[in-house]
Amino acid sequence: MGEHRRKADGRRVFSTDFKRATVQRVVTGEKTVAELSRELDIAPSVIRSWKRFAEAGATTAVQAHSAFDVSREEVLYEHNGVVVGTYTAAEVMGNPLNALVWLANHLATRGLALEPGDVVMSDAISKMLRPKVGDTIRANFAHLGSVSIKVVP
């Protein structure tokens with residue numbers, strides 16, 4: 001299985017090359033996800049996640065995230081090509097993950113919990129944009145790529 005660096009909490013940190021090689025073994029049919037899970041002692045959901053990212057075509061699909069600090073991620077918003085704001089994720093309660101923790105704790109006080117497959121929008125960091133039909137809104141993230149929408153009738 002090889003040695004992997006560990007985080008302070010004991011979890012292993014897998015390199016980008018290791019993740020790509022693991023995904024390649026599934027894609028080529030050398031092993032199934034279940035077989036690799038047992039062989040490498042990695043949860044099948046982790047391997048499937050690496051595979052989904054790779055299949056999505058992102059160049060950093062299986063990038064190691066150990067050095068990535070989501071709170072420092074910068075985003076530039078455009079409305080019809082005009083910059084309308086620049087922000088960092090830290091503007092969401094210091095770190096967007098803090099909003100997620102707050103939500104989980106708040107739900108727990110009501111006997112509820114987040115469930116697998118739930119989608120959580122951690123908070124908005126931009127001013128309210130009010131696009132009209134024909135307008136395009138684009139968010140350009142420093143490390144995560146970009147996303148845009150065009151409003152149609």
Practice problem: May I ask what percent, to the nearest 5, of DSSP beta bridges between residues of the chain are antiparallel? | Solution: 100
Exercise. Let me know the charge dipole size of the chain about its Cα centre in debye, to the nearest 20, where only the beta-carbon of Lys, Arg (+1) and Asp, Glu (-1) is charged.
Key: 140
Quiz item: At a Förster radius of 25 Å, what calculated FRET efficiency corresponds to the Cβ-Cβ distance of VAL46 and ALA113, to the nearest 0.05?
Solution: 0.75
Self-check item: Residue (of GLN24, ILE47, LEU36) at the positive-pole extreme of the stretch 5-55, dipole from beta-carbon charges
Solution: ILE47
Exercise. Starting from the Cα of LYS127, draw a straight line to each of the aspartates and glutamates and keep only those under 16 Å, dropping any in the same chain fewer than 8 residues away.
Key: GLU74, GLU78, GLU91
Exercise. Could you rank the peptides 33-41, 89-97, 130-138 by their average count of other C-beta atoms within 10 Å per residue, with the highest value first?
Key: 89-97, 33-41, 130-138
Quiz prompt | Label corresponding to semi-axes √(5λ) of the Cα gyration tensor in Å when calculated from the structure given, among [x] 40, 16, 15; [y] 33, 22, 16; [z] 27, 18, 13 | solution = [y]
Exercise. Considering the options ALA124, LEU100, ILE137, tell which one lies farthest towards the positive end of the dipole of the chain, charges being +1 on Lys and Arg and -1 on Asp and Glu at the Cβ, about the Cα centre.
Key: ILE137
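Since every read-out is calculated from the coordinates, none of them should be taken as a lab result. No experiment lies behind these values; they were computed from the predicted model shown. All Cβ positions, even for glycine, are placed from backbone atoms using ideal geometry, and neighbour counts span all protein chains on display.
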